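Working notes, beginning with the structure itself.
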Amino acid sequence: MDNRMPIKSGIEASKEILLIDQNIKIIFISADITIKEEALSIGAFGFWDKPFLIDSLIDEIKKAFESYYSVRSN
């Protein structure tokens with residue numbers, strides 16, 4: 001999730017998504033490091049500032065899937 005989007009911010013969109021399903025794993029990817037603390041405090045699974053290594057992001061996505069499915073299976 002990026003924070004700077006045309007209709008609403010990533011923070012606003014994430015809040016709405018998490019109201020629908022608290023178990024959804026949102027990973028922020030943004031050049032705006034000033035929103036990192038807020039993103040994590042509202043429930044983001046992770047925050048990546050740009051630039052980043054794609055292999056590291058893939059590992060984070062795998063962790064998010066594992067976490068999501070472990071919660072749903074319980």
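The values are calculated or read from the model by the stated rules, or taken from the named source; none is laboratory data. What you see is a predicted model, and the numbers here were worked out from it, not measured in a lab. Here the Cβ is made from the backbone with ideal geometry for all residues, glycine too, and neighbour counts use every protein chain on show.
Among the residues of the stretch 22-57, the ones that are closer than 21 Å to VAL71 by Cβ, surrounded by fewer than 12 Cβ atoms within 10 Å (Cβ to Cβ) and modelled with pLDDT of 95 or more come to 1 in all.
When restricted to residues that are under 21 Å from ILE33 (Cβ atoms) and loosely packed, with under 11 Cβ neighbours inside 10 Å, the stretch 60-72 contains 0. The residues of the stretch 23-35 that are without any contact (Cβ under 8 Å) to a residue 40 or more places away in the chain and within 16 Å of GLU60 (Cα to Cα), listed by number, are ILE26, ILE27, PHE28, ILE29, SER30. The set of residues in the stretch 22-36 that are under 8 Å from the mean Cα position of the chain (by Cα) and part of a strand (DSSP E or B) comprises ILE27, PHE28, ILE29.
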